[in-house]
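**Student:** I have a structure here, written as structure tokens, and I will follow up with some questions on it.
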């Protein structure tokens, strides 16, 4: 059910933005998705009646954006187009990845994977527009993942996540009751 709803929301985002993609550049498509993904995520949770999830997404989004703004103002990484020194991390990518990270943490990767593809596309458009590097996009993804990890409770009572380290590979199992 969740996977179908997520796929439907993702397709609606693409269809609504399709005229922008045809009429304008990939950059505008990335701009559109960076805004549509968080709105669709919040709207989906409210539509489902998951007020707790909607609140957790709102907090995840706010934490991602606030952290991104602080990092942009303090790291002083110059943009590839040399327009300013607020490149790291990418705000557009942070908005998109906050949706994907929230959905993964709350509902599982089987629902979130299309959102990760869309978030990567947003990052791609920022790199292609010469506004960010892939490091900026990766930083945004990391900020969003940390915010979701910190603020989102999984909807499922049992969560299984792969873990990979320098000297180990394992499975993290968490349960709540």
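The values are calculated or read from the model by the stated rules, or taken from the named source; none is laboratory data. All values derive from a computational prediction rather than experimental measurement. We place every Cβ from the backbone using ideal geometry, glycine too, and count neighbours over all the protein chains shown.
**Student:** Select from the stretch 1-32 the residues that are under 22 Å from residue 130 (Cα atoms) and either modelled with pLDDT of 95 or more or not in a helix (DSSP H, G or I) (or both) and list them in ascending order.
**Tutor:** Residues satisfying the conditions are 24, 25.
**Student:** Does residue 142 meet the test of being out of contact with any helix residue (DSSP H, G or I) (no Cβ under 6 Å at 6 or more places or on another chain), part of a helix (DSSP H, G or I), closer than 20 Å to residue 28 by Cα and at pLDDT 95 or above?
**Tutor:** no
**Student:** Condition first: at pLDDT 95 or above and within 13 Å of residue 131 (Cβ to Cβ). Can you find one or more residues in the stretch 54-61 that meet it?
**Tutor:** No, that holds for no residue.
**Student:** With the requirement that a residue be within 16 Å of residue 106 (Cα to Cα) and either out of contact with any helix residue (DSSP H, G or I) (no Cβ under 7 Å at 6 or more places or on another chain) or free of Cβ contacts under 8 Å to residues at least 60 places away in the same chain (or both), what does the stretch 22-44 give you?
**Tutor:** Across the stretch 22-44, the qualifying residues are 40, 42, 43, 44.
**Student:** Against the definition (closer than 15 Å to residue 142 by Cα, surrounded by fewer than 22 Cβ atoms within 10 Å (Cβ to Cβ) and modelled with pLDDT of 95 or more), how does residue 70 come out, yes or no?
**Tutor:** Working: closer than 15 Å to residue 142 by Cα: yes; surrounded by fewer than 22 Cβ atoms within 10 Å (Cβ to Cβ): yes; modelled with pLDDT of 95 or more: yes.
The answer is yes for residue 70.
**Student:** Taking the conditions exactly as written (in a helix (DSSP H, G or I) and buried (at least 24 other Cβ atoms within 10 Å of the Cβ)), does residue 137 satisfy them or not?
**Tutor:** Yes, satisfied.
**Student:** Follow-up question, since we're still on this one. Can you tell me which residue is modelled with the lowest pLDDT among those in the stretch 148-159 that are surrounded by 12 or more Cβ atoms within 10 Å (Cβ to Cβ) and more than 19 Å from residue 51 (Cβ to Cβ)?
**Tutor:** Here the answer is 159.
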